[in-house]
Amino acid sequence: WTAYVYHSLECHERRQAVETVRRLGERFADRHLAISGETRRLLMTLSRMEMISPLDPVRTSNLLADIHHDFPQYATLVAATPDGFVRACSVPVKLPIDIRDRPWYREVMTSKSFVADRFIISKSTGIASLPYAYPILDDRGEVRLILGAALNLSAFEQLFADIPTDYQAVSYLLDQNGVILHARGTSDSPIGGKAQDFLPAGLDTAAAGVHDLEDKNGRAMIFV
């Protein structure tokens, strides 16, 4: 009877933990989607401002700086030309900046649509960031100008601050390459590190759902 009660309590606790962690994962995911949506709307609004096009490096940089002042969560706001150079920037920096090596630049030129990219160190600020890009197209549907916003990774602390973490949960936000963008509930400072150094092997590419795995210290954990 004691074994039965213990087993029943253990199953109940596990179901509770799974549901808590699942809800927590959904809240973080929903919040991140909201952040991306807000960034898209910001860049779309900028694209429709008369002062943006035709691009004047000084005038456009001043405009971006004014807007940046009201959105401190971004490390920088930029305007780039299709040849792969930033011509205007919201922070003081030597222009132009070559971005032809940036995946977000290549992707926005190919897709000609809004892009949410992966971990970078911003060339204009040297800050760890998550870049977004939005193209302005001409009458023929070709890219005429690219607007970019680099979200400062430290901003996630504030953006996720109101999400409670029960069961002493640890949370990680990863980019497409398994690089850690944000971590919560851990004493480490893994930002910019590889998920494989902190999480069980293959978890960063695992299918959506609940996974019973051991962490790096051999403890049985529930991952979602």
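The values are calculated or read from the model by the stated rules, or taken from the named source; none is laboratory data. It should be emphasised that the depicted structure is a prediction, and the values quoted were computed from it without experimental measurement. Here the Cβ positions follow ideal geometry from the backbone for every residue, glycine too, while neighbour counts run over all protein chains shown. Just the protein is used for accessible areas: all its heavy atoms, side chains included, with ligands, DNA and RNA removed. Shrake-Rupley method; radii C 1.70, N 1.55, O 1.52, S 1.80 Å.
Taken over region 102-111, the criterion of being open to solvent by 70 Å² or more (accessible area, probe 1.4 Å) and over 21 Å from Ala75 (Cα atoms) is satisfied by Thr110 alone. Only one of the numbered conditions (1) closer than 27 Å to Ile191 by Cα; (2) open to solvent by less than 30 Å² (accessible area, probe 1.4 Å) is not met by Pro135, and that is (1). When Val91, Val115, Val78, Val108 are screened for being touching a strand residue (DSSP E or B) at 6+ places or on another chain (Cβ under 9 Å), of a type in the set (A, V, I, L, M, F, W, C) and more than 21 Å from Phe156 (Cβ to Cβ), only Val108 passes. If we keep just the residues of region 206-222 that are within 18 Å of Thr186 (Cα to Cα) and touching a strand residue (DSSP E or B) at 6+ places or on another chain (Cβ under 7 Å), which is least open to solvent (accessible area, probe 1.4 Å)? Checking each candidate, the answer is Asp215.
Confirm whether Gln168 is exposed (fewer than 12 other Cβ atoms within 10 Å of the Cβ) and in contact (Cβ under 8 Å) with a residue 24 or more places away in the chain.
Numbers: exposed (fewer than 12 other Cβ atoms within 10 Å of the Cβ): yes; in contact (Cβ under 8 Å) with a residue 24 or more places away in the chain: no.
No.
Have a look at Ile127, Ile99 and point out the one that is farther than 15 Å from Leu43 by Cα, of a type in the set (Val, Ile, Thr), in contact (Cβ under 8 Å) with a residue 12 or more places away in the chain and open to solvent by less than 50 Å² (accessible area, probe 1.4 Å).
On the way: Ile127 fails: open to solvent by less than 50 Å² (accessible area, probe 1.4 Å).
Ile99 is the lone residue from the list that is farther than 15 Å from Leu43 by Cα, of a type in the set (Val, Ile, Thr), in contact (Cβ under 8 Å) with a residue 12 or more places away in the chain and open to solvent by less than 50 Å² (accessible area, probe 1.4 Å).
Annotation: of all residues in region 188-205 being among the aliphatic types (A, V, I, L, M) and open to solvent by less than 90 Å² (accessible area, probe 1.4 Å), the one that is farthest from Cys11 (Cα to Cα) is Ile191.
Restricting region 36-57 to residues that are assigned to a helix (DSSP H, G or I) and either in contact with a helix residue (DSSP H, G or I) (Cβ under 6 Å, 6 or more places away or on another chain) or free of Cβ contacts under 8 Å to residues at least 60 places away in the same chain (or both), which is least open to solvent (accessible area, probe 1.4 Å)?
Of all residues in region 36-57, those assigned to a helix (DSSP H, G or I) come to 36-47, 57.
Next, from what is left, pick out any that are either in contact with a helix residue (DSSP H, G or I) (Cβ under 6 Å, 6 or more places away or on another chain) or free of Cβ contacts under 8 Å to residues at least 60 places away in the same chain (or both): 37-38, 41, 45, 57.
Numbers: Gly37: 22, Glu38: 97, Arg41: 137, Thr45: 86, Pro57: 65 Å².
Taking the candidates together, the pick is Gly37.
Among the residues of region 110-118, some residue qualifies, meaning at least one is touching a residue at least 40 places away in the same chain (Cβ under 8 Å) and assigned to a strand (DSSP E or B). Go through region 79-93 and give me each residue that's more than 23 Å from the chain's Cα centre (by Cα) and either open to solvent by 50 Å² or more (accessible area, probe 1.4 Å) or more than 20 Å from Lys112 (Cβ to Cβ) (or both). Selection gives Asp83, Arg87, Pro92, Val93.
I'd like the full set of residues that are acidic (Asp, Glu) and closer than 19 Å to Pro103 by Cα, limited to region 151-193.
Within region 151-193, the first condition is being acidic (Asp, Glu), and the residues that meet it are 157, 162, 166, 175, 188.
Correct list: Asp175 only.
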